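For reference, the structure is listed below as structure tokens.
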Amino acid sequence: MKTLIISGSRGTDDPTMATLPFIAAKAAKEQGHDVILWLWNEAVVLARKGVSDHVVGVNLTPLKDVLAAAQSSGIPIWVCGACAVARQIGDGDLVEGATIKGMPDYIAAVLQRDRSVSF
């Protein structure tokens with residue numbers, strides 16, 4: 001088993017790229033790996049309740065379904081704190097399983113993980 005942090009930076013501005021980190025995290029978890037999903041930049045809006053309901057990438061499973069699978073498998077969703085503040089997103093706005101984290105948390109996780117994958 002490997003440990004991974006998978007990060008995404010794209011949000012509703014690019015539904016296909018926004019969905020890919022969730023798909024990758026789900027696939028890694030299904031393969032038995034320990035995964036953290038890190039959302040930063042525009043991707044933080046995807047952790048806001050209700051936003052995933054409207055995101056469908058080209059030829060991909062709708063984000064709401066992939067998010068639900070990630071949540072049910074216990075993948076932690078970390079939301080960049082500075083990015084969330086810039087978009088007026090607080091703890092109460094987040095989907096289940098998502099928490100606001102700081103850059104020190106992200107760097108510590110990257111250093112402790114076997115792999116870091118970015119979208």
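Some observations on this one:
- Positions within the range 62-94 being among the β-branched types (V, I, T) and farther than 12 Å from L46 by Cβ, in sequence order: I75, V85
- Look at (1) buried (at least 22 other Cβ atoms within 10 Å of the Cβ); (2) more than 22 Å from Q112 (Cα to Cα) and you find that C83 fails only one, number (1).
- Some residue of the range 51-58 being in contact with a strand residue (DSSP E or B) (Cβ under 7 Å, 6 or more places away or on another chain), buried (at least 19 other Cβ atoms within 10 Å of the Cβ) and of a type outside the set (D, E, K, R): no
- When restricted to residues that are surrounded by fewer than 16 Cβ atoms within 10 Å (Cβ to Cβ) and either under 17 Å from A24 (Cα atoms) or among the small types (G, A, S) (or both), the range 40-50 contains 1.
This table checks each residue for (1) more than 18 Å from I100 (Cβ to Cβ); (2) within 9 Å of the chain's Cα centre (by Cα); (3) part of a loop (DSSP other than H, G, I, E, B); (4) in contact (Cβ under 8 Å) with a residue 40 or more places away in the chain.
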residue: L4; (1), (2), (3), (4): yes, no, no, yes
residue: T12; (1), (2), (3), (4): yes, no, yes, yes
residue: M17; (1), (2), (3), (4): yes, no, no, yes
residue: I23; (1), (2), (3), (4): yes, no, no, yes
residue: A27; (1), (2), (3), (4): yes, no, no, no
residue: L37; (1), (2), (3), (4): no, yes, no, yes
residue: V45; (1), (2), (3), (4): no, no, no, yes
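- Test: A18 is crowded, with 19+ Cβ neighbours inside 10 Å, at negative phi and in contact with a Gly (Cβ under 6 Å, 6 or more places away or on another chain): yes
- D105 touching a residue at least 60 places away in the same chain (Cβ under 8 Å) and farther than 21 Å from D13 by Cβ: no
Readers should treat all values here as calculations from the given coordinates under stated rules, not as data from a laboratory. Treat the numbers as computed from the prediction; the structure is a model and nothing was measured. As a convention, Cβ positions derive from the backbone with ideal geometry for all residues, glycine included, and neighbour counts pool all protein chains shown.
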